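Notes to accompany the following structure.
Every number in this text was worked out from the coordinates using simple rules, so none of it is lab data. Here the structure is a predicted model, which is why all the values come from computation and not from measurement. Cβ sites come from the backbone with ideal geometry, for glycine too, and all protein chains shown count toward neighbours.
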Amino acid sequence: MAKTIAKKRKSLLKLIKTAFSDLEQCEKIDLKDTYKLPKKKIMFPLENYPLQIHVGLDAHVLHLYPELPLDEQQDKFSEPNYILFDPDTYYSRISGFLRLSDDDKIILGSDNAEQYAFLNTSKKLPEQQLSIANNDGKLVFKCHHPETGSCITPLLKEKKLNKINKWRSEKVTRLAKIIGDPREILSAEEALNLIHKVNHIMEHEVYREKDINDQPGGVLSIPDKLNSIIIGDLHTQLDNLLTLLSQNNFLSALESGEACLIFLGDAVHPEIDGQYEEMESSMNIMDIIFKLKVRFPEHVFYLMGNHDSFSEEIGKKGVPQGLFWEKQLKKSRGKIYKKEMQRFYDNLPYLAYSKHFICCHAGPPTSAVNLHALVNIKKYPKLIKDLISRRLQTSNRMSGYNKSDIKKLRRCLNVGENTPFIVGHTPMDDEKTLWENVGGISRHTIVYGGNLEKIGVMVQMGKNMYPLTYPVEQLTQLVSTEVKK
Ligand SMILES: [Mn+2]
């Protein structure tokens with residue numbers, strides 16, 4: 001293994017030297033390995049090696065890594081991706097990055113607010129300083145202003161080469177300690193114990209005002225400073241959830257109490273053709289979410305979705321999934337467990353918000369509303385229906401919600417008029433997992449967690465919410481293997 005790496009390194013150096021033989025070498029840094037980019041385009045067939053990039057006059061350091069699956073057995077992702085990030089923040093707090101997918105181009109410059117937030121680049125950069133394109137796995141660099149300078153350096157030391165996946169593997173180990181073997185189905189007794197603990201927490205869940213009957217109310221008022229991570233309908237895709245927890249500093253931020261996970265409901269009931277009746281995966285994912293809730297009672301929240309129910313009306317293509325769900329729970333875990341699940345549903349919040357976002361499963365209320373009614377939502381069946389089932393208004397669906405409903409909700413919650421409104425429930429296509437400004441409504445975002453290829457989430461960093469997307473990996477398998485070690 002070490003030999004192959006050494007060999008690869010050698011051939012890479014050779015490659016770089018060929019590719020950059022006509023380049024002026026950057027004089028500031030290690031002359032052997034660092035190249036100052038000229039104005040003309042440079043093509044660079046980077047394989048599995050990361051690069052360090054110095055951008056602009058202040059030589060701000062960025063890292064460009066190939067995005068590789070954690071499991072070495074798994075093939076590379078279908079398309080060669082790279083991620084660009086600031087190594088100073090990337091490993092230590094929840095932070096953004098830019099993905100350079102095939103045929104993508106990133107232009108580093110002063111023209112993009114998200115770039116400052118993600119990469120901490122200087123605001124003094126020219127509008128366009130450096131562009132990096134991914135052309136079928138080959139990187140094309142173009143430095144638009146050689147006078148302000150950009151350099152690249154290959155990161156060939158083994159420690160750097162494997163840094164991301166080593167860092168992620170440590171999280172898999174921690175995750176395994178928290179959730180145990182995700183492939184192991186709990187016994188009826190263990191499951192009952194677990195849901196008892198969860199329901200005990202739910203009776204006095206933090207950040208929830210009680211309703212007039214002294215029951216947990218419909219609203220979670222999340223502290224502004226807690227970095228919220230908002231996850232759309234998982235529909236039993238456990239790999240998606242575990243992939244997410246192995247990424248960024250999400251797990252560390254949960255452990256340190258700086259972040260919280262907010263599930264937008266509908267973690268149950270597969271959405272895959274031919275699997276609508278299968279209910280074991282629903283039990284399994286709820287068990288995992290329950291384990292997270294017990295481990296992080298004040299930092300994991302689950303909002304009510306329309307599938308979180310035993311109703312005969314809930315289903316997909318004629319399969320009454322609500323009824324199948326009820327039957328499965330009674331059969332595998334007994335009547336008491338089923339009752340406890342109903343109690344869990346009865347105690348769920350419907351909406352979460354802070355100064356920086358509002359979220360719920362489906363849509364905003366479509367009629368007059370106030371905070372008191374939202375807290376006492378159980379008295380208002382129409383309000384419940386709006387929040388967990390209503391979809392966006394279209395020409396074929398006039399009964400849907402619209403821009404003014406979102407506006408009213410912001411006003412009712414006394415938050416700024418540009419506060420992001422984030423929902424799940426209505427994936428817009430099979431390709432993506434996160435859609436912004438849906439229906440032409442600014443800061444109206446839909447997130448969906450059940451896509452088989454990728455998982456997108458809305459993540460709070462400071463005062464803003466940002467979309468981040470990750471390729472789904474077989475983390476259930478990896479965590480399971482880790483437990484058995
Ligand atoms: Mn739904």
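How high is the relative contact order of the chain, given as a whole-number percent (alpha carbon pairs under 8 Å, six or more residues apart)? Intermediate values should be presented prior to the final figure.
On the way: 976 pairs, mean separation 70.7, N = 485.
Contact order relative to length: 15 percent.
Sorting 333, 390, 93 by the number of Cβ atoms found within 10 Å of their own Cβ, with the fewest placed first, yields 93, 333, 390.
Kindly provide the helix-only [θ] at 222 nm of the chain, computed as the sum of -39,500 (n - 2.57) over DSSP H runs of four or more divided by all residues, to the nearest 500 deg cm²/dmol? Can you show the working numbers first?
Values: 15 runs with 155 residues, N = 485.
When only DSSP H runs of four or more count, the value is -9500 deg cm²/dmol.
Between the helical axis of 2-19 and the longest alpha-carbon principal axis of the chain there is an angle of about 60 degrees. In plain terms, the residue of 430, 86, 386, 102 with the fewest other Cβ atoms within 10 Å comes first and the most crowded comes last, giving 430, 102, 86, 386.
For the stretch 339-408, the relative contact order comes to 29 percent (Cα pairs under 8 Å, sequence separation of at least 6). Counting Lys and Arg as +1 and Asp and Glu as -1 over every other residue whose Cβ lies under 12 Å from the Cβ of residue 456, the net charge comes to -1. Between the stretch 171-247 and the stretch 412-485, the C-alpha centres lie 17 angstrom from each other. Against the chain, whose longest principal axis is taken from its Cα atoms, helix 188-203 shows a tilt of about 90°. Label the chain by shape, choosing from rounded, prolate and oblate, from the square roots a ≥ b ≥ c of the eigenvalues of the Cα gyration tensor; if a/c is under 1.5 it is rounded, and otherwise prolate applies when a/b is larger than b/c, oblate when it is not. Here the chain falls in the prolate category. The slack in the chain from residue 484 to residue 103, taken as 0.36 nm per residue of separation less the alpha-carbon distance, amounts to 133.1 nm.
With N as its number of residues, the stretch 31-114 has a Cα radius of gyration that, divided by 2.2 N^0.38 Å, comes to 1.20. Taking a sphere under 12 Å around the Cβ of residue 386 and counting the other residues whose Cβ falls inside, with K and R at +1 and D and E at -1, yields a net charge of +4. DSSP finds beta bridges in the chain, and of those with both partners inside it, around 75 percent are antiparallel.
Return one number: the angle in degrees, 0 to 90 and rounded to the nearest 10, between the long axis of the Cα atoms of helix 403-412 and the longest principal axis of the Cα atoms of the chain. Helix 403-412 and the main axis of the chain meet at about 80 degrees.
Cross-link partners of residue 36 among aspartates and glutamates, defined as those whose alpha carbon lies under 20 angstrom from its own and excluding same-chain residues fewer than eight positions apart: 22, 24, 27, 58, 86, 127, 147. Here's how it looks for residue 260: its modeled amide H is under 5 Å from those of 227, 228, 229, which are all 5 or more places away or on a different chain. Here residue 166 is the anchor, and the lysines within straight C-alpha reach of less than 26 Å, apart from those fewer than 8 places off in the same chain, are 3, 7, 8, 10, 76, 138, 157, 177, 291, 454, 484, 485.
Evaluate 2.2 N^0.38 Å with N set to the residue count of the stretch 325-456, then give the Cα radius of gyration divided by it.
Details: Rg = 16.5 Å, N = 132, 2.2 N^0.38 = 14.1 Å.
The reported ratio for this selection is 1.17.
Can you work out the FRET efficiency for the pair residue 188 and residue 312, with r the C-beta to C-beta distance and R0 = 25 Å, to the nearest 0.05?
On the way: r = 25 Å, r/R0 = 0.99.
It comes out at approximately 0.50.
Given a Förster radius of 45 Å and the C-beta distance between residue 123 and residue 323 as r, what FRET efficiency does 1/(1 + (r/R0)^6) yield to the nearest 0.05? Could you put the intermediate results ahead of the total?
Values: r = 57 Å, r/R0 = 1.28.
My answer for the efficiency is 0.20.
Taking each of 105/317; 40/171; 293/379; 41/171; 316/408; 210/355 in turn, the alpha-carbon distance tops 30 angstrom for 105/317; 40/171; 41/171; 316/408. FRET efficiency for the residue 162 to residue 40 pair, using the beta carbon distance and R₀ = 30 Å, is estimated at 0.35.
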